[in-house]
Every structure is written in structure tokens, then in C-alpha cells.
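A.B. asks: What follows is a structure written as C-alpha cells; I'll ask about it next.
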């Protein structure tokens, strides 16, 4: 998948991955890959700045945890993050419906 296709949608995908459980960065990247059937292989240099940005906006919180004997920063959704994810999903549905109408795929 082209990187341009993701532009503007990465934040929503990160929030969605964290909706069900807190995860550390590498697990988030793996979850994106699994959920996309392998189509997404987002580099750490893209994911970590996005996670920090989402945290600074109050959509995520992070805490250090021990995973397999290693200290890792684990991210989880806040209430504001849950609301933002709902808003992003609504925007995505509207965008997808508009594009489908233009492409004639409805």
C-alpha cells in the first residue's frame, strides 16, 4: 500500500488498535500489520512520533511497563481518545461513501 494512502488516517488507525487493550510500540506496529492482512508495515519512525502527538493531544496516556523483562512504554486510550476515535470513524465513513459514489462502486 502506498504511504500516501495512509496520510491523514494513521492517527485513527493507531487509536483503533489501542481501543481494546494497552500496547507497547512494537505491538502496535504488529497489530496494524495483522489487522491489515500484511498490507501495512508502518515504520517505527512514523509510529512513535504519531503516538507522542496523540498523547500530547490527550488522546493517549502512556506508562512504563515490563514486558518479557524489558521496560517498554505502553499506550492506552483516554476518554478523549475514545471520543476522537468515534469522530474519526464517522469522518472515515463519510469520506469512503463520497469516494465510492464518485468512483461508482456503490
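Any read-out appearing in this document is the output of simple, stated calculations on the displayed coordinates, not a laboratory observation. Predicted model, so just to flag it, every value in this text is computed and none were measured. Glycine also receives a Cβ, built like all others from the backbone with ideal geometry; neighbour counts cover every protein chain displayed.
A.B. asks: Taking Rh as the Kirkwood radius computed over C-alpha pairs, what is the Stokes-Einstein D of segment 1-55 at 20 °C in a medium of viscosity 1.002 mPa s, expressed in µm² per second?
C.D. replies: The calculation lands on 190 µm²/s.
A.B. asks: Something else: Taking only the alpha carbons of the chain, what extent do you get along each of the three principal axes, in Å, biggest first?
C.D. replies: Projected onto its principal axes, the Cα set of the chain covers 52, 29, 21 Å.
A.B. asks: Can you give me the P(r) profile for segment 63-106? Cα pairs, bins 5 angstrom wide beginning at 0, each as a whole percent.
C.D. replies: Over segment 63-106, the share of Cα pairs per 5 Å bin runs 5, 19, 11, 12, 11, 11, 10, 8, 6, 5, 1 percent.
A.B. asks: Using 0.36 nm per residue, how much length does the chain from residue 55 to residue 20 gain when fully extended, once their Cα-Cα distance is taken away?
C.D. replies: Working it through step by step, the gained length comes to 10.9 nm.
A.B. asks: How far apart, in nanometres, would the label points at residue 46 and residue 83 be if each is projected 7 angstrom from Cα along the Cα-to-Cβ direction?
C.D. replies: Modelled inter-label distance: 3.0 nm.
A.B. asks: Based on the Cβ-Cβ distance from residue 70 to residue 35, what FRET efficiency comes out when R0 is 22 Å, to the nearest 0.05? Walk me through the intermediate numbers first.
C.D. replies: Values: r = 24 Å, r/R0 = 1.09.
It comes to 0.35.
A.B. asks: May I pose another question? Calculate the spin-label point distance for residue 103 paired with residue 12, positioning each point 7 Å from the Cα along the beta-carbon direction, and give it in nanometres.
C.D. replies: Spacing of the two 7 Å Cα→Cβ label points: 1.4 nm.
A.B. asks: Once every DSSP H run of n ≥ 4 in the chain is given -39500 (n - 2.57) and the sum is divided by its residues, what mean residue ellipticity at 222 nm do you get, rounded to the nearest 500 deg cm²/dmol? Numbers along the way, then the final one.
C.D. replies: Working: 5 runs with 61 residues, N = 106.
Result for the chain, helices only: -18000 deg cm²/dmol.
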